[in-house]
Amino acid sequence: MAVVETVSVPDPVADARAAARREKTMTAAVPIATAAALILLWEVGVRGFGVPTYIAPAPSAVAATFVDKFPVLMQNFWPTFVESVAGFAVGNLAAILIAVTFVHSRHMERAFFPIAVFVNTIPILAIAPVLVLILGPGITAKVVIAALICFFPTLVNMVRGLQSVSPQTLELARILSASKSEIFWKMRLPSSLPFLFSALKISATTSVIGAIVGEWVGADLGLGALIIDATFNFNSPLLYATVFMSSGLSVLMFALVTLAERRIVRW
Amino acid sequence: MMETKESLTGAPVTVPHGGSAATLKAASVCFGSFTAIDKLDLEIEAGSFYTILGPSGCGKSTMLRLVSDLIPAAAGEVSIFGKTTEEARLAREFAFVFQDAALLPWRSALKNVELPLEIGRKRNIDIPTGPRNPRELLELVGLKGRENALPHELSGGMRQRVAIARALVCQPKLLLMDEPFGALDEMTRDRLNLQLLDIWRETGTTILFVTHSISEAVFLGQKVVMLRANPGRLRQIVDIELPEPRETKLRDTPEFTRYCGYLRDLLETC
């Protein structure tokens, strides 16, 4: 008899691999499906209840505006991007340098830490107009506001990071007769990197908020200016599109920092 | 026999051959009003393996920290190969192995072993005998092939072996070990004990090894320094006369058990 049988030999390794693949697909699929369902619910809700567009636009209207107004959005994206990145760089660099002086001098820390705390307690919305008045309507004021919002979390984390060297590591440094600069470069600074990156992840997104707040107070161009403009003109689809653009910028900054962290902090 | 040393309690033990690796003369260490070590006299013979035992709070670790210039003596004198502890530290005469390996987590095993060679280069810290090859040292401690592993990728025993390799890279004449295997399981500990004895024979270095395990102290030590607590003082130095080279089955012999029993009784009187 010529019976051809396909015998499927159970392969536990292949099965496990298939299961792992399924698991991976599910972890990606679940949040995406949830987001899609919520957007769909929003679309149905807006249409079903006849909500006027100026109160809440349908996602389809926002998407259409996003495509139509893409050149305008991009034109306003770049200034905000530049301000955010510059503010991120300036604020974090200042925080890192000040953290280094704090760790090396208790006097400096005692003298300036309370001032840093005080500056941090001033609401950014209150200090933004002051800075625009002092620095003028140009890019400088926005960079300073973005820098200011980045500064404090990084300062606090960096000080902790630089102090996170274990006592035994410091004893080892002493036994090797390491100099202060050797301890700093070979032990303190690398130890601080995981702490620094936690702070950088926070400031990656807050720097964008800082730039936008700065633009609210006075700017002709930028996502913040576009938000104000769209709000006053009851152009809700454009407002929503701008909001998505802003959060897209934050996500981009966050992703870049996360990528850098994965490459640098491998322990 | 071990009883012969009974009369030497509290007095410095002078040994004719080998010279002195470290000498403590009426050395005291105080933390505030607390006296951790009180007028300790001790002479460490070069080339020997000393284990240090004592009840907790007897100043075992403090003594190692005193010898390694991590803490100053409140009174008395400490010298290492005729130098002050500071001079000896600057000349890299001794190395220290901590209870936790104290590896830098961002450096590979090899880079951790190389650390002592990177530090102090500008000030020309010179190693009289020249440094040892870090790769060969990792091979010596049985970590060939794991040179590029980061500490978190290694087991506790492997990390401690990297720390030992790092301590040996400057060819120290005195190796100070503060409960280096205290956090390891018994099997790993026994294996590392044998490896450490091999290293000791290979390098000819003097070893001061603090432990709280009586059997470890007997198995490793040529001499067991027993300290007493409150305040930390020398109780007795016990010579361990067991056949060399020491092997695992030695632990099952009656002589080994007798030494352990003797030290256990002595520990109770501390």
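Every number here is computed from the coordinates shown, using simple stated rules; none is lab data. Keep in mind it's a predicted model, so treat the numbers as computed, not measured. FYI the Cβ positions are ideal-geometry reconstructions off the backbone, even for glycines, and counts take in every protein chain you see.
Observations, loosely collected:
- Distance histogram in 5 Å bins (all Cα pairs of chain A, percent per bin): 1, 5, 9, 11, 12, 12, 11, 9, 8, 7, 5, 4, 3, 2, 1, 1, 0, 0, 0, 0
- When the Gaussian network model of chain A links Cα atoms closer than 10 Å, the mean-square fluctuations of A:Ala225, A:Ala141, A:Ala14 top out at A:Ala14.
- Rounded, prolate or oblate (a/c below 1.5 giving rounded, otherwise prolate when a/b exceeds b/c) for the range A:19-169 by Cα gyration tensor: oblate
- With a cut-off of 13 Å between beta carbons, the residues surrounding A:Ala16 carry a summed charge of +1, where Lys and Arg count +1 and Asp and Glu -1.
- For B:Gly232, residues with placed amide H under 5 Å, excluding near neighbours: B:Ile37, B:Asp38
- Rounded, prolate or oblate (a/c below 1.5 giving rounded, otherwise prolate when a/b exceeds b/c) for the protein assembly as shown by Cα gyration tensor: prolate
- Sorted by Cβ neighbour density within 10 Å, fewest at the top, the residues A:Asp15, B:Asp198: A:Asp15, B:Asp198
- Per-residue ellipticity at 222 nm, computed for chain B from helices alone with -39500 (n - 2.57) per DSSP H run of at least four residues, works out to -9500 deg cm²/dmol.
- Within 10 Å of the Cβ of each residue in B:62-72, the mean number of Cβ atoms contributed by other protein chains is 1.
- With a simple spin-label model that places each label point 7 Å from the Cα along the Cα-to-Cβ direction, the separation between B:Ser155 and A:Phe244 comes to 5.5 nm.
- If the convex hull is drawn through the Cα atoms of the range B:116-155, its volume per residue in Å³: 90
- For the segment B:99-107, counting C-beta atoms of other chains within 10 Å of every residue's C-beta and taking the mean gives 5.
- Principal axis dimensions, largest first and in whole angstrom, of the range B:94-143 by Cα: 28, 20, 20
- Positive minus negative residues near B:Ile37 (Lys, Arg vs Asp, Glu; Cβ under 12 Å): +3
- For A:Phe112, A:Phe152, order by how many other beta-carbon atoms lie within 10 Å, fewest first: A:Phe112, A:Phe152
- P(r) tail fraction, the range B:158-225 - alpha-carbon pairs more than 17 Å apart, %: 35
- What the Cβ-Cβ distance of A:Lys180 and A:Arg47 gives, at R0 = 56 Å and to the nearest 0.05, is a FRET efficiency of 0.25.
- Span-like helix ranges in chain A, DSSP H, alpha carbon extent 30 angstrom or more, Kyte mean at least -1.0: A:12-48, A:70-104, A:139-162, A:189-217, A:236-264
- Per residue convex hull volume, Cα atoms of the range B:72-220, in Å³: 131
- Kyte-Doolittle mean at least -1.0 and Cα axial length at least 30 Å: DSSP H helices in chain B: none
- Cα-based reach from B:Lys223 at 25 Å (exclusive), listing lysines while leaving out same-chain residues under 8 positions away: B:Lys5, B:Lys25, B:Lys39, B:Lys60, B:Lys83, B:Lys173, B:Lys249
- Annotation for the range A:1-107: GluC sites (Glu not before Pro) lying in DSSP loop with at most 16 further Cβ atoms inside 10 Å of their Cβ are A:Glu5.
- Projected-area mean, chain B, by convex hull of Cα positions, square nanometres: 14.4
- Charge sum, other residues only, whose C-beta stays under 13 Å from A:Trp267's C-beta, Lys/Arg counted +1 and Asp/Glu -1: +4
- Shape analysis of the range A:176-267 based on the Cα gyration tensor places the equivalent ellipsoid semi-axes at 41, 14, 7 Å, largest first.
- Over all pairs of different C-alpha atoms, the range B:147-270 has a mean inverse distance whose reciprocal, the Kirkwood radius, equals 15.8 Å.
- Separation between Cα centres of the range A:191-267 and the range B:176-208, rounded to whole Å: 55
- Mean-square fluctuations from a GNM of chain A, with a 10 angstrom spring cutoff on Cα atoms, peak among A:Gly48, A:Gly214, A:Gly161 at A:Gly48.
- Alpha-carbon radius of gyration plus Dmax, which is the widest Cα pair, for the range A:139-188 in Å: 16.4, 51
- Burial ordering of A:Arg174, A:Arg22, A:Arg263, fewest other beta-carbon atoms within 10 Å first: A:Arg263, A:Arg22, A:Arg174
- Reachable lysines, given that their alpha-carbon falls under 28 Å from the alpha-carbon of A:Lys142 and they are not under 8 places away in the same chain: A:Lys69, A:Lys201
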